[in-house]
Structure formats: C-alpha cells, structure tokens
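First, the structure itself, so that you have it in front of you.
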Amino acid sequence: MRLTQGTFSFLPDLTDEQIRAQVEYCLQNGWAVAIEYTDDPHPRNAYWEMFGVPMFDIRDAAGILTELRACRQTFPDHYIKINAFDSTHGRESLRLSFIVNRPAKEPGFRLERHEGPGRSVRYTTHAYATDRPEGERY
Amino acid sequence: MNASLNHQQDAPLDLAAAFRDSHVGEVLDELDRDLVGLVPVKSRIRDIAALLLIDKLRRNLGLSAGAPSLHMSFSGNPGTGKTTVALRMAQILHRLGYVRKGHLTAVTRDDLVGQYIGHTAPKTREVLKRAMGGVLFIDEAYYLYRPENERDYGQEAIEILLQVMENQRDDLVVILAGYKNRMDTFFRSNPGMSSRIAHHIDFPDYSVDELVSISHLMLSQMQYRLSPAADAAFREYIERRKARPHFANARSVRNALDRARLRQASRLLNRGGQSVISRDDLVTLDVPDIKASRVFSEEGAS
C-alpha cells in the first residue's frame, strides 16, 4: 500500500529534477529546508528523525540535493521527506513537506479492533512494518 | 558526427549579436574600469568569457559543450588584488551564466578543518553545501596542508574538497588564493589538487604608475583628492616605500592614504585661529599630510 503523506503524495514519485525545482522554489521564498527520515510509516508519527542539521543558509538547491543523496545512501529503504520551514513572524511553521524516497515494498496497515465493555469497539491502525525492530523493517 | 558537422556549416551565426546579447562586453568593460593593471588576470577572464559564449552557441546547435572546469588558483604577493578579484569573479561568472546564484563564500582553514577526529568532514561538507551555486574562496589555502604533522586533519578537508571539485563541477567553483611561493609548495605536495585546477593565475606586482592610479581610484571612492603638489609627493612616497621591506602593493597604498587622512584631520583641527573651514579643506590632502611619513624622514634607511 502506497503511503500518502504530505504534498504531491498522490502523484507519481518526483524525479530528482522535479525535487530540485521544488527545493529551488522553497529557497527563493527564504524557507529553511531540512531532510527527515523514518521507518515507522504510521500517520500519527509526526516526528521523523532529522538527517543532519536544518539547512538555514543554503543558497542553491544543489546543496540540499547533495545532502539528500547522502541520506538516500545511508537509508535506501526508509521514507525520506523534505520539509521547508518558514521562519517569518506569525507563521513559524512548515510550508511544504513532501516524500522524496520510499521503500521498495510497502506492506501497508491493518485495522485492529479493540472490543471494550458493552458492545463498544475502538479502532487502531497498525503498520505491518513495525512488527519488526527499528532498522530492520523494510 | 561528420554528417552533422557538415550540416552546420550551412547556417551562418551572428557572433556579434550573440556577444551583445550576453552582456559579456559590459562585464569586461566594468572590470577594465574598476581594476588597475592585472593584465594576465583580465586576459584570462576574457578567455573564459569567450569560451562560455562559444559553448553556448555550440549547445544551441546540438554540438557537445561540456561545462569547462573553472577552478582557479590565485597566487601573488600581498596586496596584488587576489581577494578583490575573487569577490568580483563570483559576480562575473554569474553574469556569464556559469554559476547559478553568484554568491561568494570566503573561508579559511578554520572554517574547513575540525578540532577532533570526525569533526572535519561534516564541517567541510557544511561549507561546501553553503557555497553551492556560487564561488568558494579559500584564502591562504596552503594552511590546509601541514606536512610537519601527519595526523593533521587538513588532509581530510583536502580530500573532500577534491571529490566535490571533481564530481560537482557545475555546482560550484573553487578559488584558492595565497602567496606565490607557499602556494607552489602546497601544489607540489598535493598534485591531485594542482591537476584539478584549470587556471593558475599569477598576480604581478604593480608598477609605480599603476599604484598611483590605484590611489586615485581609492581617493575618489573615499571622496578625497590630492592637491597637485601632494600628488607629486605621493608618487615619491610610493617610489620610496616600494624599495623598503614589507611592501604590500595596493594595501600599503591604502594604509598610507588612511594615515594621510589622520594627519589631515589633526592638521585641520590644530590650525590656529581659523574656525571657518571650507568644503575644499575637507576633501583635500596636502603635501604636509604626505611628507610627514616616516618613509621621508628615515633617509637612506633600509
């Protein structure tokens, strides 16, 4: 099951040229770009690991793409996303976030039903991948 | 290949129009106007500009036009304009369309080399990332290599630099600068670095005439001028100063002018009785401001 989180996730995967153009757009707007990765695809897993430090003073997309290549080399089978943070006063939040790398095989989620007192049922999504320990999931 | 070469001979191209459209002429004229002397530097920039223009035309016709390697090394005596030209180079290459952003990242050894094991590589990569799309200027590059300490981390920085200089040639231009003899030693002990730098440019010492025109340029930027007598005195000052040790070309001229401004200021303040001062007084450096220099008083000093 293909993971759909963030911008462009219903489109085919972006090529490096398209990623470069998006990053260039972020830099033009003065947003700080950061690279994050994870192997826990749960939609509520908001805090991915950051690869390196946030890149506040990069002028050209080539710098970000160098870092992305390094991240892909280290984590070829992880989800990797690019975040663009807008630091202007009153905004101070992410403006753009999109996935740039995903595992070859995405097993998806199962639905778990917890039966409570009476006839109440609580639902949970559970990623098959997280059955294995961190780092061995994909 | 042969067929395509023949085919293109039919269509003549307007080189003059292409030259005009690229605004290369303006860049070169500006360079001529703002920088005195430096003939080898200017002619090399002219060559590079011409090559970039021709490459663009070739690419339009579908001929192969690989991005030329533009890494450079600037060597010369102190004050010959290495840093100034490097600052301009980023701008020039940007206007010629070779680098995308045209900013200059100036660093020295401290910015590249870390203090403990594993510190150097991230530090160097950080700097390289920041410089991408522009020019990375490494001042006094020979400090990167310390042959007397074989565990020095400078070598690690050099290796990362080399890798990026080779693989990401279209992402950034590296300029190394430093004094001539020490740069030569540096390149002798790092042949890999030397061979990856396409342009070794020597900055010659300035002649007295050139130094005088530099002083005029500096003064007009500072909105001062020399009285005619002071002009002659200043030429004499340069001739004498040039013969003395530790002469640093344009930097010495700048320092001399700064000291002359100091003397002019106190001369104006100590002028007894007169409390009225004209605009002319404020902008003119006069003979005593120049002649008070040590260079004149220590007659025959080494």
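Bear in mind that the values in this text are calculations on the coordinates, not laboratory data. Every value quoted in this text rests on a predicted model; they were computed, and no experiment measured them. Counting neighbours? That spans all protein chains shown, and the Cβs are built from the backbone with ideal geometry, glycine included.
Tell me which residues come under 5 Å, amide H to amide H, from B:Leu285 once H is placed; ignore anything under 5 positions away on its chain.
Answer set, sorted by chain and number: B:Arg225, B:Leu226, B:Ser227.
What base-10 log of the normalised intensity I(q)/I(0) is obtained for segment B:114-236 from the Debye formula, alpha carbons as equal point scatterers, at q = 0.12, 0.19 Å⁻¹?
-0.62, -1.01
Compute the helix-to-body angle for A:61-74: its Cα long axis versus the longest principal axis of chain A, expressed 0 to 90° and rounded to tens.
Around 40 degrees separate the two axes.
For the charge dipole of segment B:24-139, defined by +1 on Lys and Arg C-beta atoms and -1 on Asp and Glu C-beta atoms about the Cα centroid, which residue among B:Leu35, B:Thr108, B:Leu128 has the Cα displaced farthest towards the positive pole?
B:Leu128
I'd like the distance between the alpha-carbon centres of segment B:14-32 and segment B:259-282, rounded to an integer number of Å.
46 Å
In terms of the ratio Rg/(2.2 N^0.38 Å) built on C-alpha atoms, what value belongs to chain B?
Numbers: Rg = 24.1 Å, N = 302, 2.2 N^0.38 = 19.3 Å.
My calculation over the Cα atoms of chain B gives 1.25.
Let me ask you something else. Compute the whole-percent fraction of alpha carbon pairs in the protein assembly as shown spaced more than 29 Å apart.
Numbers: 61766 of 96580 pairs.
That tail contains 64 percent of the Cα-Cα pairs.
How high is the FRET efficiency from B:Ser275 to B:Met222, r the C-beta distance, R0 25 Å, rounded to 0.05? The partial results should precede the final answer.
Values: r = 25 Å, r/R0 = 1.01.
Approximately 0.50, to the nearest 0.05.
Work out the length of the dipole vector of chain B about its Cα centre, built from +1 on the beta-carbon of each Lys and Arg and -1 on the beta-carbon of each Asp and Glu, and round it to the nearest 20 debye.
Numbers: 41 positive and 38 negative charges, 107 e Å.
It works out to roughly 520 debye.
Oh, and also: Going by average Cβ density within 10 Å per residue, which order do the peptides B:253-260, A:61-68 take, highest to lowest? Please list the in-between numbers first.
Numbers: B:253-260: 18.4, A:61-68: 23.0.
So the order, starting with the most tightly packed, is A:61-68, B:253-260.
While we're here: Amide H neighbours of A:Val33 under 5 Å, counting only residues 5+ apart in sequence or on other chains, H built in-plane at 1.01 Å?
For A:Val33, the qualifying residues are A:Met55, A:Phe85.
From the phi angles alone, apply the Karplus equation (6.51, -1.76, 1.60; θ = phi - 60°) to segment B:98-114 and give each ³J(HN,Hα) in whole Hz, x where the residue is Gly or Pro.
For segment B:98-114, the Karplus-derived couplings read 8, 9, 7, 10, x, 8, 10, 10, 9, 9, 10, 3, 4, 7, 9, 9, x Hz, x marking Gly and Pro.
What whole number of Å gives the distance from the Cα centroid of segment A:99-136 to the Cα centroid of segment B:105-148?
46 Å
Starting from the Cα of B:Ala265, step 7 Å toward the Cβ, then list every residue of segment B:222-249 with an amide N under 16 Å from that point.
Within reach of a label on B:Ala265, which here means backbone N under 16 Å from a point 7 Å along Cα→Cβ, segment B:222-249 contributes B:222-225.
Still on this structure, please answer the following. With springs connecting C-alpha atoms under 10 Å apart, model chain B as a Gaussian network and identify which of B:Glu26, B:Glu150, B:Glu159 has the largest mean-square fluctuation.
B:Glu150
Roughly how many Å is it from the Cα centre of segment B:165-201 to that of segment A:13-68, as a whole number?
Answer, in whole Å: 32.
Output ³J(HN,Hα) for segment A:8-13: one whole-Hz value per residue in order, computed from phi by the Karplus curve 6.51 cos²θ - 1.76 cosθ + 1.60 with θ = phi - 60°, and x for Gly and Pro.
Using θ = phi - 60°, the values come out as 6, 6, 8, 8, x, 3 Hz.
For the modelled label position 7 Å from the Cα of B:Asp202 along Cα-to-Cβ, which residues of segment B:173-187 have backbone nitrogen atoms closer than 15 Å?
B:178-185
What relative contact order, as a whole-number percentage, does chain B give when Cα pairs under 8 Å and 6 or more residues apart are counted?
Numbers: 368 pairs, mean separation 60.7, N = 302.
With pairs under 8 Å counted, the relative contact order is 20 percent.
Here's something else I'd like to know. For segment B:160-302, with only Lys/Arg (+1) and Asp/Glu (-1) charged at the beta-carbon, what is the dipole magnitude about the Cα centre, in debye rounded to 20?
Numbers: 21 positive and 18 negative charges, 94 e Å.
Roughly 460 debye for segment B:160-302.
Okay, moving on. Starting from the 7 Å offset along Cα-to-Cβ, what nm value, one decimal, do you get for the label separation of B:Asp258 and A:Thr88?
Here the answer is 4.0 nm between the modelled labels.
Then there's this: In terms of the Cα gyration tensor, with a ≥ b ≥ c the square roots of its eigenvalues, is segment B:53-153 rounded because a/c is under 1.5, prolate because a/b exceeds b/c, or oblate?
Numbers: a/c = 2.40, a/b = 1.78, b/c = 1.34.
Here segment B:53-153 falls in the prolate category.
Show the residues, 5+ positions off or on another chain, whose built amide H is closer than 5 Å to the amide H of B:Gly114.
Close amide H contacts, sequence-distant or interchain: B:Thr120.
So, one more: I'd like the projected area of chain A, averaged over all directions, using the convex hull of its alpha carbons. Report it in nm² with one decimal. Intermediate values should be presented prior to the final figure.
Values: hull surface 42.0 nm².
Average projection, Cα convex hull of chain A: 10.5 nm².
Considering the options B:Ser213, B:Ser195, B:Ala230, tell which one lies farthest towards the positive end of the dipole of segment B:166-302, charges being +1 on Lys and Arg and -1 on Asp and Glu at the Cβ, about the Cα centre.
Final value for the positive-end residue is B:Ala230.
Go ahead and collect, in residue order, the members of segment B:114-148 whose backbone nitrogen is under 11 Å from a label point 7 Å along the Cα-Cβ direction of B:Arg251.
Backbone N within reach: B:140.
For helix A:16-28, report the angle its Cα long axis makes with the longest principal axis of the Cα atoms of chain A; keep it between 0 and 90° and round to the nearest 10°.
On a 0 to 90 degree scale, this one is about 70.
Here is a further query. In peptide B:123-132, what is the residue-averaged number of other protein chain Cβ atoms found within 10 Å of each Cβ?
Working: counts 0, 0, 5, 7, 0, 3, 12, 7, 5, 9.
Average neighbour count from other chains, rounded to a whole number: 5.
So in the protein assembly as shown, what percent of DSSP beta bridges are antiparallel if you round to the nearest 5? Present the calculation step by step, with values, prior to reporting the outcome.
Numbers: 25 of 46 bridges.
Approximately 55 percent, going by the DSSP bridge assignments.
Using the per-residue mean of other Cβ atoms lying within 10 Å as a proxy for protection, in what order, highest first, do the peptides A:80-91, A:105-116, B:201-212 fall?
Numbers: A:80-91: 15.6, A:105-116: 11.2, B:201-212: 17.7.
Descending packing order for the listed peptides: B:201-212, A:80-91, A:105-116.
Do me a favour and compute the ellipsoid semi-axes for segment B:200-285 from its Cα gyration tensor, root of five times each eigenvalue, largest one first, whole Å. The partial results should precede the final answer.
On the way: eigenvalues 164, 34, 24 Å².
Rounded to whole Å, the semi-axes are 29, 13, 11.
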